[in-house]
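Each remark here refers to the structure printed beneath this line.
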Amino acid sequence: MKNQNIRFASVTPPRYTMKTMSTIASATTPISRRAQNCAPSPTLAITAKANALKADGKDIVAFGAGEPDFDTPQHIKDAAIDALARGFTKYTPSAGIPALKSAIAEKFARDNHLTYAANQIIVSCGGKHSLYNIFQALCEEGDEAIIPAPYWVSYPEQAKLAGAMPVIIQTSDTTGFVPTIEQIQAAITPRTKVFVLNSPSNPTGGMWPHETIKALAELAIQHNFYVISDEIYEKIVYDGNQPLSIASLSPEIYERTLTVNGVSKTYSMTGWRIGYAAGPAPIVAAMGRLQDSVTSNPTSIAQYAALAALAGPQEFLNEWVSEFDNRRKTIVAGLNAIPGITCQMPQGAFYVFPNISALLGKRNGDTVLSTSDAVADYLLSEVGVAVVPGSGFGADHFIRLSYATSMNAIEKGVTRISEAVARLKG
Ligand SMILES: *Cc1c(COP(=O)(O)O)cnc(C)c1O
């Protein structure tokens, strides 16, 4: 093992040159550049504000949450309780227990036409952690990570944390938030290392047509970059839409894809922190080494709960999706009835991402609402409705509303937004 990047401290203090001394003296903050460059999560910020108002006794309609509102099903909770009773409370293999890995392999075969061996699968502390491991394992300074916007806020941050430069493709609501093949081609350079594909998407609910996924696969093979396919919302799709795992298209793209998934969104298990990734064995092994040094295994009993989720009954998901579907139609119709708001019908996930361009520049008294942040602040303070500004998703002319909430809250919230918008001048 070469240790050229480690310095062994000795009792003789290192001799600082004038240059390093001045660098140290001019430091105004102890915070690393890496941490300084990491943006705060807008979703968590709006949730905190809404909760503070709630604690003050205000009646808040919350569209901020990025999680299903259903309780975790009982058979999944029971599996964790049983694991606890049986004493599975110790370290497990860092990359996950074998039984869970084989349930994941079966899930990939059953749902995604993908064959992965145990050494191609890693279980992490949430899908977010799997994604972090992928960026850390693949990217470094000088690399570029192509990310279509509107994007999930963590992608650019995780790319930057790995030293890579996020290269953003701007997509439009008029094309379902899907980039054109020309846009993808134009973003590719010799430095392109990874492309982040998230279909169905958070925050837009958009889904890529199969032809565009196929075209991306061809470009990845031709230009030799990797695709990170975040399939966390694959089970929450509407109108008979079929999700497609890009890795299943050919052996060539299978070799260049990291498929990411998790139990958070599908099984309403956001707090359990179990996600997973699968891909070429050497990349997964590198992710495992990182995980060994950073977290070790995901929580033992949560892994047993995830096993019950993946291997157990799936029928209840149909009811959940049809409930989401009803809410989706209600919220889209309600928002589109408000002058100044236009909302596409999402094809998957549980978010709507309405365009609010026509509201920007309008006034509330002397205050001009010039950004999505100002619109979100206005809705919260004026009528007690919490939405997430689009700015954090790379789309300042939009806001995100999660409809993973009751039909009652949706109807009340939309009425209040309509009233707030009607009060704006200009
Ligand atoms: C919620 C989410 C994840 C992962 O969530 P975990 O709780 O960490 O498993 C990944 N990608 C997207 C787009 C998400 O919305």
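For the range 125-141, give me each residue that is in contact (Cβ under 8 Å) with a residue 60 or more places away in the chain and within 11 Å of the ligand (Cβ to nearest atom).
Passing the criteria: CYS125, GLY126, GLY127, LYS128, HIS129, SER130, LEU131.
With respect to ASP230, is the statement that it is on the phi > 0 side of the Ramachandran plot and either in contact (Cβ under 8 Å) with a residue 60 or more places away in the chain or within 12 Å of the ligand (Cβ to nearest atom) (or both) true? Steps first, answer last, please.
On the way: on the phi > 0 side of the Ramachandran plot: no; either in contact (Cβ under 8 Å) with a residue 60 or more places away in the chain or within 12 Å of the ligand (Cβ to nearest atom) (or both): yes.
So ASP230 fails the test.
Any idea which residue in the range 160-216 is nearest to the ligand (Cβ to nearest atom), counting only those that are assigned to a helix (DSSP H, G or I) and touching a residue at least 40 places away in the same chain (Cβ under 8 Å)? Can you show your working first?
Initial filter on the range 160-216 (assigned to a helix (DSSP H, G or I)): 160-161, 173-175, 181-187, 210-216.
Imposing the further condition that a residue be touching a residue at least 40 places away in the same chain (Cβ under 8 Å) reduces the set to 160-161, 173, 187.
On the way: LYS160: 17, LEU161: 15, ASP173: 18, ALA187: 20 Å.
Once the filter is applied, the top-ranked residue is LEU161.
Which condition number does ASP111 fail, the rest of (1) away from the ligand (no atom under 16 Å from the Cβ); (2) open to solvent by 10 Å² or more (accessible area, probe 1.4 Å); (3) in contact with a strand residue (DSSP E or B) (Cβ under 8 Å, 6 or more places away or on another chain) being met?
(3)
Between VAL414, VAL388, VAL352, which is touching a residue at least 12 places away in the same chain (Cβ under 8 Å), among the hydrophobic types (A, V, I, L, M, F, W, C), in contact with a strand residue (DSSP E or B) (Cβ under 6 Å, 6 or more places away or on another chain) and within 17 Å of ILE60 (Cβ to Cβ)? Step through it out loud before you land on a result.
On the way: VAL414 fails: in contact with a strand residue (DSSP E or B) (Cβ under 6 Å, 6 or more places away or on another chain); VAL352 fails: within 17 Å of ILE60 (Cβ to Cβ).
Within the list VAL414, VAL388, VAL352, the selection yields VAL388.
For the range 72-98, give me the residue count where each residue is open to solvent by 50 Å² or more (accessible area, probe 1.4 Å) and under 27 Å from the mean Cα position of the chain (by Cα). Can you show your working first?
Residues of the range 72-98 that are open to solvent by 50 Å² or more (accessible area, probe 1.4 Å), as a first pass: 74-75, 77-78, 81-82, 84-86, 88-91, 93, 98.
Right, trim to under 27 Å from the mean Cα position of the chain (by Cα) and you get 74-75, 77, 93, 98.
Final tally of qualifying residues: 5.
Just need a number here: residues in the range 51-80 that are without any contact (Cβ under 8 Å) to a residue 12 or more places away in the chain and in a helix (DSSP H, G or I). Steps first, please.
So in the range 51-80, the residues without any contact (Cβ under 8 Å) to a residue 12 or more places away in the chain come out as 51-52, 54-57, 74.
If we keep only those that are in a helix (DSSP H, G or I) too, we end up with 51-52, 54-55, 74.
Residues meeting the conditions: 5.
Filter the range 333-357 down to the residues that are in a strand (DSSP E or B) and surrounded by 23 or more Cβ atoms within 10 Å (Cβ to Cβ), then identify the one that is nearest to the ligand (Cβ to nearest atom). Can you show your working first?
Filtering the range 333-357 down to residues in a strand (DSSP E or B) leaves 342, 348, 351-352, 355.
Now restrict to residues that are surrounded by 23 or more Cβ atoms within 10 Å (Cβ to Cβ): 348, 351-352.
On the way: GLY348: 11, TYR351: 9, VAL352: 14 Å.
The extreme case among them is TYR351.
Give the range 358-371 a look and list any residue that's under 20 Å from ASP173 (Cβ atoms) and not in a loop (DSSP other than H, G, I, E, B), or say none.
ALA358, LEU359
Do we have THR115 as more than 17 Å from ASN297 (Cα to Cα), outside any helix (DSSP H, G or I) and among the polar types (S, T, N, Q) here?
Working: more than 17 Å from ASN297 (Cα to Cα): yes; outside any helix (DSSP H, G or I): yes; among the polar types (S, T, N, Q): yes.
Yes: the conditions hold for THR115.
Suppose the filter is part of a helix (DSSP H, G or I), on the phi < 0 side of the Ramachandran plot, away from the ligand (no atom under 16 Å from the Cβ) and touching a residue at least 60 places away in the same chain (Cβ under 8 Å); does ALA48 pass it? Lay out the reasoning, then the answer.
On the way: part of a helix (DSSP H, G or I): yes; on the phi < 0 side of the Ramachandran plot: yes; away from the ligand (no atom under 16 Å from the Cβ): yes; touching a residue at least 60 places away in the same chain (Cβ under 8 Å): no.
Here the answer is no, as ALA48 does not meet what is asked.
Taking into account only those residues within the range 257-293 that are of a type in the set (Lys, Arg) and open to solvent by 50 Å² or more (accessible area, probe 1.4 Å), which is farthest from the ligand (Cβ to nearest atom)? Don't jump to the end; show me each part of the working.
Here is the first cut: in the range 257-293, the ones of a type in the set (Lys, Arg) are 265, 273, 289.
Remaining after also requiring open to solvent by 50 Å² or more (accessible area, probe 1.4 Å): 273, 289.
Numbers: ARG273: 7, ARG289: 21 Å.
Among them, the one singled out is ARG289.
Applying the selection to the range 294-311, what residues are over 21 Å from the mean Cα position of the chain (by Cα) and surrounded by fewer than 16 Cβ atoms within 10 Å (Cβ to Cβ)?
SER296
Say we look at the range 372-409 and pick out the residues that are within 14 Å of ASN202 (Cβ to Cβ) and assigned to a helix (DSSP H, G or I); which of these is nearest to the chain's Cα centre (by Cα)?
Within the range 372-409, the match that is nearest to the chain's Cα centre (by Cα) is PHE393.
Counting only residues that are over 20 Å from ASN119 (Cβ atoms), give me the strands (runs of 3 or more DSSP E) lying completely in the range 221-288 with at least 1 of them. Outline the logic, then answer.
Values: elements: 226-230, 257-262, 275-278.
Once the strands (runs of 3 or more DSSP E) in the range 221-288 are filtered for at least 1 residues that are over 20 Å from ASN119 (Cβ atoms), what remains is 226-230.
Does the range 289-310 include one or more residues that are in contact (Cβ under 8 Å) with a residue 12 or more places away in the chain, assigned to a loop (DSSP other than H, G, I, E, B) and outside the structural domain of VAL260 (by TED's automatic domain parsing)? Can you show your working first?
Keep residues of the range 289-310 that are in contact (Cβ under 8 Å) with a residue 12 or more places away in the chain, which gives 290-292, 295-310.
Restricting the remaining residues to those that are assigned to a loop (DSSP other than H, G, I, E, B) gives 295-299.
Add one more test, that the residue is outside the structural domain of VAL260 (by TED's automatic domain parsing), and what stays is none.
No: zero hits.
Name the residue, out of GLU144, GLU157, that is of a type outside the set (S, T, N, Q), surrounded by fewer than 22 Cβ atoms within 10 Å (Cβ to Cβ) and within 15 Å of the ligand (Cβ to nearest atom). Give the steps one after another, and end with the answer.
Numbers: GLU144 fails: within 15 Å of the ligand (Cβ to nearest atom).
Result: GLU157 is the single residue among GLU144, GLU157 that is of a type outside the set (S, T, N, Q), surrounded by fewer than 22 Cβ atoms within 10 Å (Cβ to Cβ) and within 15 Å of the ligand (Cβ to nearest atom).
Out of all the residues in the range 364-382, which are open to solvent by 20 Å² or more (accessible area, probe 1.4 Å) and in contact with a helix residue (DSSP H, G or I) (Cβ under 8 Å, 6 or more places away or on another chain)?
Narrowing the range 364-382 to residues open to solvent by 20 Å² or more (accessible area, probe 1.4 Å): 364-368, 370-371, 373-374, 377, 381-382.
Selection gives ASN364, THR367, VAL368, THR371, ASP373, GLU382.
The values are calculated or read from the model by the stated rules, or taken from the named source; none is laboratory data. Bear in mind that the values here come from a model prediction, so they are computed numbers and not experimental data. Every residue, glycine as well, gets a Cβ built from its backbone with ideal geometry; the counts of neighbours run over all protein chains shown. Note: accessible area is taken over every heavy atom of the protein model, side chains too, but ligands, DNA and RNA are not part of it. Shrake-Rupley method; radii C 1.70, N 1.55, O 1.52, S 1.80 Å.
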